[in-house]
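The values are calculated or read from the model by the stated rules, or taken from the named source; none is laboratory data. Everything numeric in this text was worked out from a predicted model, so none of it was measured. Please note: Cβ atoms are built from the backbone with ideal geometry, for glycine as well, and neighbour counts cover all protein chains shown. Calculation scope for accessible area: heavy atoms of the full protein, side chains included, ligands and nucleic acids excluded. Shrake-Rupley method; radii C 1.70, N 1.55, O 1.52, S 1.80 Å.
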Amino acid sequence: MNYAQFRKPSRYIGNELNIIRKEADLKVALCFPDTYEIGMSHIGLKILYEIINRIPNASAERVFSPWIDLESYLRANNLRVTSIENRRELGEFDIIGFTLQYELSYTNVLNMLDLGRIPLRSEDRADNFPLIIAGGPCTVNPLPLAPFIDAFVTGDGEEVIKEIIDLFYEVRSRKSEVGSKNDLLKALSALEGIYVPSVHDITKQKIKRRIVLDLDKAVFPDAPILPFASIVHDRVAIEISRGCIKGCRFCQAGMIYRPLRERSPANVLALAQRSLANTGYDETSFTSLSTGDYSGLLQLIRSFNMMCAGSHTSVSLPSLRVGAINSEVLKEIKSVRKTGFTIAPEAGTKRLRDVINKDFTDEEYDETLTKLFSEGWNTIKLYFMIGLPTETMEDIDGLINMAVRALNKGRQITGRRVNINVGISVFIPKAHTPFQWAGQAAYADLRKKQDYIRRAFRKRRINYKGQHVENSLLEAVFARGGTDSARLLENAWKLGCRFDGWTEHFDFKKWESAAEKTGIDLYAYASRSSDPEEELPWDFIDNGITKKFLQAEYQKAMQGDITIDCREHCYGCGLECKERTNDAGAELPAAGADSTGTGTYGRRDVTKHSPVRLRVLFSKTGMLKYLSHKELMISLFRAMRRAAIPVSYSAGFHPHPKVSFGPALAAGIEGLHEYFDIELSTYMNASDFIMKLNAVLPEGLGVHHADAILPNERSLNDCISGYAYEVIIDKTAGNHIHSFMKRPEWQVSRDKKSVNIRAMVKKAEIKGDVLHLFLEDREHANVRLYEILKEMLHA
């Protein structure tokens, strides 16, 4: 398949570093119902990939939702969606596991099943079809997808995935029951944390959430797959804790991931060190729901910076709550490279923050801004929510004022204008939260508030990014949806809905048509509220937190009462939290030491040699011909880090490797003689450079020659002006080519000017089915191969 015809072909080519291709008796497809760059940013997918592939008789392969262009191609050519690892069709797997992160990905779940020629509804799937399982945070209310999924996993998946695979083998090994789906589902229904719609009676049975108690004993990948494509979170990501102790009343994750569990600092550093060495990333993110509350965060970052000293490796943190930011942490973060900074005030007034249990004062907010701007940040992201219970226009004005205060504080401290980026999302009432009984604010009111905020920010040149109210409306429908919403989902998919979280493909009119067909009033469904004493459709999922606790939190919200950090006072949520044993002063690995106490990452003895420049010849072939020029450069940069090549870096807040490339080669074209120049900070002879770099390059990239060049050598772009191509052509193309070559000139419109591309073609020879082209840049215009081929082959 020619992937160059599709948007972002590197989504589909595979061949990534650390990919696992394994033949095993039991085959599992890990399906993420969104694009590659979103799915590959999900830590849970990486964990399951690692766990399953460690099991001798099982294998895991990844399947992502194909973009619209590839889907159209698959359907037009009667092809099926396949895995990345072995191009295996979905129907050839034993188990298909979907990750449910976001309600607006539900139509993609149905679409992927259909692209795999698998019946959508469980009742229509015979024994010869794979077992369809789903996990992730959305399974705390599995009802909207219950007709389509055979079994749901609720809670942490690290332990239960092994139990599922063992059970699958056990059932299949019973000769009299081979291939019996019903027997398998009955057996699965006995496992803790698994809901089987066809077996469980949800009016009588509770499904208890699975909880991994010790993160240090849980599997976490230290050689994650390294994408060629630029993914959403393109860095090493280490989960330093799971759960949260703050109890924001709108936050589902803060409730369903309780109790708080921390990974030890020594383990975090060891994982980070091995992951960096195995990927070549230059940034690590310490992730959790509330990273600022991690015990000994400052010491952890300091130890990380010591470990990576001299390697230009930075650390970043996800959004932090206002009270968790201190100057020492900021100094450590910016010591290598200033990464972005995000804080989430959520609400614009102290009154509303008390309602949602976001406990900080206006004074603490000002102190946080002062610290950020004083430490050199001039771009800050703020996240707020609108439509929260009890919200008034006074709260909306407070939100606007907080953004303006940030703008003014930045100008006051830095002496220049700063960039304030504000993200505004709409409150979605979620199952298993204190606000699960509250309805979403009225659609018209939300639109009015969004327009009001947008106008206010435009006047003050504050960057605004808002979530579409229509998307939020549907998210609210499915977040608290019952089994009746499954018919809405199926009808919407049949009308062509998919990628509903993507603005360019979201079509609300189709959803309105599906709702009318189903008899569901979307607006009433999303905004409905209920009595806290009322039974809720998802109550059969036992999240571990009692309904009594959630009811009490709802009442406190209506009264504006705060529930303090549960480390300071236990409110009896229903979970038994163990005392945390992580010692903020615990001994951490020595700087540069790996997990065994030997070896180094990112450290080297720098001698006083003058910088050395090399001109390097390399090739890009096979599947890697589909890399864009930027993806190619990043792949080589990361390979140099894995090979410990002593690359020189520029100075400043954002240092870059001193590597420059020759003219860019378009995606889809193999390059046999490509060049880059590199400056080394210490001496390395050319043969050692080639050997070390080739040892870590992925299949399809190869370095063939390197020569030392003078510091004042002309740049590659100045040196290179001619290009030789070999193009496989159809036999009928010869006449078009001859016609083109006979013309003295051939004008095309480019960038509002006319360019004679015929003058760029110095020679065109046809030998068999191969066109040999020799092209040359002109003084005021450079060669564009596809442009020339388009004109030449249609002459």
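Below, the figures for the structure above:
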{"quantity": "Condition check for residue 742: over 44 Å from the mean Cα position of the chain (by Cα) and not small (Gly, Ala, Ser)", "calculated": "yes"}
{"quantity": "Filter result for the condition that a residue is open to solvent by less than 30 Å² (accessible area, probe 1.4 Å) and in contact with a His (Cβ under 7 Å, 6 or more places away or on another chain), over 693, 665", "calculated": "665"}
{"quantity": "Residues of the stretch 400-422 satisfying the condition of being under 30 Å from residue 524 (Cα atoms) and in a strand (DSSP E or B)", "calculated": "422"}
{"quantity": "Near pairs, Cβ below 7 angstrom, 6+ apart or cross-chain, from the stretch 156-173 (more than 24 Å from residue 253 (Cα to Cα)) to any residue that is open to solvent by 40 Å² or more (accessible area, probe 1.4 Å) and assigned to a helix (DSSP H, G or I)", "calculated": "171/177; 171/183"}
{"quantity": "Options 157, 97; residue that is in a strand (DSSP E or B), in contact with a Leu (Cβ under 7 Å, 6 or more places away or on another chain) and of a type outside the set (A, V, I, L, M, F, W, C)", "calculated": "97"}
{"quantity": "Condition met for residue 619 (of a type in the set (Gly, Ala, Ser), under 19 Å from residue 281 (Cβ atoms) and either modelled with pLDDT of 95 or more or assigned to a loop (DSSP other than H, G, I, E, B) (or both))", "calculated": "no"}
{"quantity": "Subset tally (residues that are surrounded by 15 or more Cβ atoms within 10 Å (Cβ to Cβ), over 40 Å from the mean Cα position of the chain (by Cα) and closer than 23 Å to residue 717 by Cα) for the stretch 751-795", "calculated": "7"}
{"quantity": "Pairs, first closer than 17 Å to residue 286 by Cα in the stretch 217-244, second assigned to a strand (DSSP E or B) and small (Gly, Ala, Ser), C-beta under 6 Å, six or more apart", "calculated": "235/285; 237/285"}
{"quantity": "Positions within the stretch 503-525 being over 15 Å from residue 492 (Cβ atoms) and under 32 Å from the mean Cα position of the chain (by Cα), in sequence order", "calculated": "503, 504, 523"}
{"quantity": "The lone exception for residue 117 - which of (1) crowded, with 18+ Cβ neighbours inside 10 Å; (2) outside any strand (DSSP E or B) it fails", "calculated": "(1)"}
{"quantity": "Scope the stretch 445-477; condition among the small types (Gly, Ala, Ser) and at pLDDT 95 or above; matching residues", "calculated": "456, 472, 476"}
{"quantity": "Test for residue 701: is it modelled with pLDDT of 95 or more and open to solvent by less than 50 Å² (accessible area, probe 1.4 Å)", "calculated": "yes"}
{"quantity": "Checklist (1) open to solvent by less than 40 Å² (accessible area, probe 1.4 Å); (2) under 22 Å from residue 114 (Cβ atoms) applied to residue 44, failing item", "calculated": "(2)"}
{"quantity": "Whichever residue in the stretch 382-395 is within 21 Å of residue 364 (Cβ to Cβ) and not acidic (Asp, Glu) and, among such residues, is surrounded by the fewest Cβ atoms within 10 Å (Cβ to Cβ)", "calculated": "383"}
{"quantity": "Subset tally (residues that are within 25 Å of the chain's Cα centre (by Cα), open to solvent by 20 Å² or more (accessible area, probe 1.4 Å) and of a type in the set (Gly, Ala, Ser)) for the stretch 62-81", "calculated": "1"}
{"quantity": "Single match in 260, 184 (criterion: open to solvent by 10 Å² or more (accessible area, probe 1.4 Å), at pLDDT below 95 and closer than 24 Å to residue 553 by Cβ)", "calculated": "260"}
{"quantity": "Odd one out for residue 55, checked against (1) of a type in the set (A, V, I, L, M); (2) in contact (Cβ under 8 Å) with a residue 60 or more places away in the chain; (3) open to solvent by less than 20 Å² (accessible area, probe 1.4 Å)", "calculated": "(3)"}
{"quantity": "Positions within the stretch 726-750 being over 17 Å from residue 771 (Cβ atoms), open to solvent by less than 50 Å² (accessible area, probe 1.4 Å) and not β-branched (Val, Ile, Thr), in sequence order", "calculated": "750"}
{"quantity": "Search result, residues across the stretch 334-379 that are among the charged types (D, E, K, R), under 25 Å from residue 428 (Cβ atoms) and either open to solvent by 50 Å² or more (accessible area, probe 1.4 Å) or in contact (Cβ under 8 Å) with a residue 60 or more places away in the chain (or both)", "calculated": "346, 350, 351, 354, 358, 359"}
{"quantity": "Filter pass, residue 373 being of a type in the set (Phe, Trp, Tyr) and over 30 Å from residue 530 (Cβ atoms)", "calculated": "yes"}
